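Note sheet for the following structure.
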Amino acid sequence: MTDSTLATGSAGANLREFERAGKVLVGGVNSAVRAFRAVGGTPRFIASAQGAYLVDVEGRRYIDYLGSWGPMIVGQSHPYVLDKVREAVGRGLSYGAPNVMETELAERLCALFPQVERVRFVSSGTEATMSALRLARGFTGRDRILKFEGCYHGTADSLLVKAGSGALAFGTPSSAGVPADLVKHTLVAQFNDLASVRAHFDGAGDQIACVIVEPMAGNMNLIPPVPGFLEGLRELCTRHGALLIFDEVMTGFRVAHGGAQEISGVVPDLSAFGKVIGGGMPVGAIAGPASIMDMMAPLGPVYQAGTLSGNPIAMAAGLATLDLIAEPGFYDKLGAGCARLIAGLEQAAAAAGVPFSARHVGGLAGMYMLASPPDSYAQVMRQDVERFKRFYHLMLDGGIYLPPSPVEAFFFSSAISDADIDETIAVARRAFQTLMA
Ligand code: HOZ
């Protein structure tokens with residue numbers, strides 16, 4: 001793709017659009033992290049996206065390491081996905097009644113995850129985690145939940161406590177507007193610190209409905225679990241009759257075909273999925289064994305519903321994306337590309353003398369302004385944020401689009417070529433040198 005094919009505007013168009021948007025959209029955006037508050041400057045307004053590239057309203061091309069925050073694992077506008085979506089569009093946009101594609105997508109999840117017997121589709125990851133919490137509370141008859149500082153599970157009230165992602169980047173990890181009476185039921189422990197979890201169970205084990213965790217934390221940048229952490233959570237939950245919920249909205253179908261549960265071998269009671277299973281359309285899912293899932297309406301007393309849940313266009317995009325990632329070798333190739341990028345970035349930083357590290361699991365990656373990759377919330381918060389901001393803009397000006405925050409992971413797609421990787425490393429090399437000049 002050439003830079004000019006999707007050029008739609010002129011110099012200054014991003015700023016003009018941001019100012020225009022700010023008059024009618026809160027902060028000029030519809031999701032807080034898009035406003036660039038964590039890095040400063042003007043957000044890019046995207047005019048189009050194709051393969052490995054985003055093109056903004058000024059006609060500038062960027063290599064896309066945002067991937068819509070995860071879903072675009074086969075790249076943007078993949079022709080196979082678009083064909084399936086077009087076919088579905090021709091059959092109508094929304095029915096508010098069952099369609100066969102919902103069953104097909106659920107069958108795929110049940111076939112891939114041995115413990116999953118039932119699926120409920122919703123329209124976002126937030127809805128999936130929110131509904132999973134309600135189900136866990138309804139199933140156990142307990143109110144308390146346990147989450148981890150820096151983990152982010154969307155914007156349900158109970159979960160906006162010491163949250164990661166934008167909440168953390170903007171310094172408001174516990175949101176205003178959430179009643180104290182509600183969050184008194186939310187216990188917070190430290191990721192990768194089993195002792196902090198044990199302390200809660202020792203004090204209130206018979207009151208905890210569930211532990212909800214990103215099995216690879218991806219919203220305080222990327223922090224994989226240390227050996228034994230997820231296994232320990234599994235053991236504590238089983239012993240105390242609490243449900244273990246894996247929030248695999250980001251990691252599912254991204255770190256491996258079977259997500260973090262495939263890599264760790266730890267089986268959660270409930271899983272929340274999103275992002276990749278919608279192929280870029282709004283989809284989330286709660287998945288688990290029938291003995292728990294059938295507590296949900298219409299079979300059980302836990303109410304859950306949604307007008308656009310299982311939307312046919314979204315199901316078509318999800319099914320098509322799952323077709324593509326099921327191809328043999330998909331994850332090997334994705335991981336190899338990502339590893340090459342990470343190695344190149346680290347070499348470029350080392351050559352310039354910048355304390356920097358990076359890592360990846362499958363197509364999910366993290367870069368840190370730290371000499372070695374962090375294993376905890378406390379470590380990731382020691383990053384040189386000001387240096388990251390400068391690095392971010394040098395990369396952006398060089399045509400590399402990273403998530404605009406030092407506490408976000410970044411996303412690799414199968415559309416990113418070796419030439420794109422080389423280009424990214426070359427831009428990074430110049431950026432690191434400039435930082436140290
Ligand atoms: N789930 C994304 C953070 N990793 C956030 C996307 C958003 O808040 O817009």
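Taken together, the values in this text are just the output of simple stated rules run on the coordinates, not laboratory data. Here the structure is a predicted model, which means the values were calculated and not measured. As a convention, Cβ positions derive from the backbone with ideal geometry for all residues, glycine included, and neighbour counts pool all protein chains shown.
With Cα atoms defining each centre, the range 226-253 and the range 78-97 are spaced 35 Å apart in the structure.
Annotation: amide H of A415 within the under-5 Å range of G75, sequence separation 5 or more or interchain, hydrogens built in the peptide plane. Against the chain, whose longest principal axis comes from its Cα atoms, helix 385-397 is set at around 60 degrees. Ranked by the mean number of other Cβ atoms within 10 Å per residue, highest first, peptides 377-389, 396-408, 194-206 order as 396-408, 377-389, 194-206. If the segment from A111 to L82 were pulled out straight at 0.36 nm per residue, it would be longer than the present Cα-Cα gap by 7.9 nm. Relative to the longest principal axis of the Cα atoms of the chain, the long axis of helix 418-436 lies at roughly 80 degrees.
For G284, the residues 5 or more places off, or on other chains, whose built amide H falls under 5 Å of its own are V122, S123, S124. Dividing the helix sum by the residues of the chain, where each DSSP H run of 4 or more adds -39500 (n - 2.57), gives a mean residue ellipticity at 222 nm of -11500 deg cm²/dmol. Of the cross-linked pairs K147/K275; K147/K389; K23/K389, those separated by over 23 Å at the C-alpha level are K147/K389; K23/K389.
Compactness of the range 128-197 is given as radius of gyration and Dmax, 12.0, 35 Å, from Cα positions. Residue-wise HN-Hα couplings along the range 223-234, as the Karplus relation 6.51 cos²θ - 1.76 cosθ + 1.60 with θ = phi - 60° gives them from phi, are 10, x, x, 6, x, x, 5, 5, 4, x, 4, 4 Hz; Gly and Pro carry x. In the range 132-285 the Cα-Cα distances spread across 10 Å bins starting at 0 as 12, 43, 38, 8, 0 percent of all pairs. What list of whole percents do you get for P(r) of the chain, with Cα-Cα distances grouped in 10 Å bins up to the one holding the largest distance? Reading the bins upward from 0: 5, 21, 32, 27, 13, 2, 0. For the range 27-123, the equivalent ellipsoid derived from the alpha-carbon gyration tensor has semi-axes of 32, 18, 15 Å in decreasing order. Could you state, as a whole-number percent, how many of the C-alpha pairs of the range 101-169 are farther apart than 13 Å? Every Cα pair in the range 101-169 considered, those over 13 Å come to 70 percent. Using 0.36 nm per residue and subtracting the Cα-Cα separation, the extra length available between A176 and E386 on full extension is 73.0 nm. To the nearest ten degrees, helix 79-89 and the longest principal axis of the Cα atoms of the chain are 60 degrees apart. What the Cβ-Cβ distance of A350 and A204 gives, at R0 = 60 Å and to the nearest 0.05, is a FRET efficiency of 0.80. The amide H of D384, built 1.01 Å from its N in the peptide plane, has M369 as neighbours under 5 Å, considering only residues 5 or more places off or on other chains. With contacts taken as Cα pairs under 8 Å and at least 6 residues apart, the chain reaches a relative contact order of 21 percent.
The calculated P(r) of the range 382-424, using every Cα pair and 10 Å bins from 0, goes 25, 50, 23, 2 in percent. The mean sequence distance of close C-alpha pairs (under 8 Å, at least 6 residues apart), as a share of the length of the range 72-173, puts its relative contact order at 14 percent.
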